[in-house]
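The values are calculated or read from the model by the stated rules, or taken from the named source; none is laboratory data. Values in this document were obtained by computation on a predicted structure and should not be read as measured data. Glycine gets a Cβ as well: all are built from the backbone with ideal geometry, and neighbour counts include every protein chain shown. Surface areas here come from the heavy atoms of the whole protein model, side chains and all, with no ligands, DNA or RNA. Shrake-Rupley method; radii C 1.70, N 1.55, O 1.52, S 1.80 Å.
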Amino acid sequence: ARVRAGIRLYSSQKELIKTNRQLSQTLQDLQRTQSQLIQSEKMSSLGKMVAGVAHEINNPVTFIQGNLVHANSYIEDLMALAKLSLNSRDPEIQEAAEDMDLDFLIKDLPPLFNSMQKGAQRISDIVASLRNFARLDEANKKAVNIHEGLESTLSILQSGLSGIKVIKNYSDLPKVECYAGELNQVFINILSNAIDALKYIENSCIDLSTKLIDGKQVKIRISDNGPGIDAKTLPRIFEPFFTTKPVGAGKGLGLSTSYSIVVEKHGGELNCFSTPGKGTAFEILIPIYQKVK
Ligand SMILES: Nc1ncnc2c1ncn2[C@@H]1O[C@H](COP(=O)(O)OP(=O)(O)OP(=O)(O)O)[C@@H](O)[C@H]1O
Ligand SMILES: [Mg+2]
């Protein structure tokens, strides 16, 4: 009887181990789904907001820019007249010119106007980047220029990138069929991590390079010279909710979401190479054509 009890115990133990394994698999699946839900919800509301703001700013900036052209030619005329009046002998004009410091005004107006034009141009560039980033109009896959996505992502992250040298090694690439808005999200996630990693680094730099592989896929490599990732941490970075950042600073969702976008959605690859003390590189491989699903 004892032997039989022993056998029963053994098999129920085996059963328990199996159930345990299934449970932890289920937990992993659940975490993955949850993280995707959170991220896709966050993205779609962020995307909508970005697109909305971009649209609202686009209208006024368009009429500022349109009017600047006319303002420029009017100002040129008025400046010519103002210069003439500097030589006028009419005491009334002389007095008025002195009161308003016409000399200075004539010198100051052109550079002032120039910087207003530059400012307006900068706003419309930012709006263009935001629209490109959101790409809400393109929920479906579409052939796009990968470099445009990288550039618009860089301009969105501009304030975080100040003080970091960005080196670009772009190759000639064909257009890539992809879900552009989501791929831009991957660029944002990886670049934001690099920016975080470079916070206390001197002579910090980020290298962006692109390459065509076998005429079939593109490789986008994003590397930094930050502190790197130690061997114990490296295998965990793609896990949902894994973070080494302080509470509130990181959710641990950036890389797990990027992984599912690159690997599951695009049939590509996402790899990380890191040397502690030297830096970290992420390589994104995306097929140029998507298989019909
Ligand atoms: N370039 C990098 N250099 C050093 N460590 C990195 C780098 N990129 C990622 N990591 C490590 O991988 C972890 C997971 O990154 P992930 O982007 O998934 O989450 P997070 O940045 O911590 O939070 P979230 O992106 O949700 O705000 C980070 O906490 C960090 O430890
Ligand atoms: Mg992150």
For the chain, just list the percent of Cα-Cα distances falling in each 10 Å bin from zero outward, please. 5, 20, 24, 17, 11, 10, 7, 3, 1, 1, 1, 0, 0
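What's the magnitude of the charge dipole for the chain around its Cα centre, counting Lys and Arg as +1 and Asp and Glu as -1 at the beta-carbon? Answer in Debye, nearest 20.
Working: 34 positive and 32 negative charges, 628 e Å.
Its charge dipole is roughly 3020 debye.
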Could you check how much of the accessible area of the chain is carbon and sulfur, as a whole percent, using a 1.4 Å probe? 57 percent
If one computes P(r) from the Cα atoms of the range 87-172, what percent of pairs lie at distances over 15 Å? 75 percent
Would you please give the FRET efficiency between Ser115 and Ala80, computed as 1/(1 + (r/R0)^6) with r the Cβ-Cβ distance and R0 = 25 Å, to the nearest 0.05? 0.70
Calculate, in nm to one decimal, what Ser12 and Met49 gain on full extension: separation in residues at 0.36 nm each, minus their alpha carbon distance. 7.9 nm
One can check that the equivalent ellipsoid of the range 153-293, built from the alpha-carbon gyration tensor with semi-axes equal to the square roots of five times its eigenvalues, has lengths in Å, largest first, of 24, 18, 14
Per-residue SASA entry for Cys205, accessible area with 1.4 Å probe, Å² rounded to 10: 30 Å²
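Counting Lys and Arg as +1 and Asp and Glu as -1, each charge on the Cβ, what is the dipole of the range 141-287 about the Cα centre in debye, to the nearest 20?
It comes to approximately 80 debye.
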Please give the Cα centre distance for the range 15-85 versus the range 147-205, rounded to the nearest Å. 15 Å
In the chain the DSSP beta bridges are antiparallel at a rate, in percent to nearest 5, of 85 percent
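Determine by what factor the alpha-carbon radius of gyration of the range 63-106 differs from 2.2 N^0.38 Å, reporting the quotient.
Working: Rg = 13.0 Å, N = 44, 2.2 N^0.38 = 9.3 Å.
The reported ratio for this selection is 1.41.
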Ordering of 188-197, 15-24 by burial proxy (mean other Cβ atoms within 10 Å per residue, highest first): 188-197, 15-24
Sorted by chain and number, the residues with a modelled amide H under 5 Å from that of Val144, at a separation of 5 or more or across chains, are Val176, Glu177, Cys178
So what are the ³J(HN,Hα) numbers for the range 274-283, from phi and the Karplus equation (6.51, -1.76, 1.60; θ = phi - 60°), rounded to whole Hz, Gly and Pro as x? 8, 10, x, x, 10, x, 9, 10, 10, 10
Pseudo-spin-label distance Glu239 to Asp108, built 7 Å along Cα→Cβ, given in nm, is 6.2 nm
Using the heavy atoms of the protein chains and a 1.4 angstrom probe, tell me the accessible area per residue for the chain in square angstrom. 64 Å²
Which Cα, out of Val166, Val263, Tyr10, lies furthest along the positive dipole direction of the chain (beta carbon charges, K/R +1, D/E -1)? Tyr10
Report the calculated FRET efficiency for Ser73 and Glu95 (r = Cβ-Cβ distance, R0 = 30 Å), to the nearest 0.05. 0.55
Estimated Rh, the range 47-133: Kirkwood, alpha-carbon pairs, angstrom: 15.4 Å
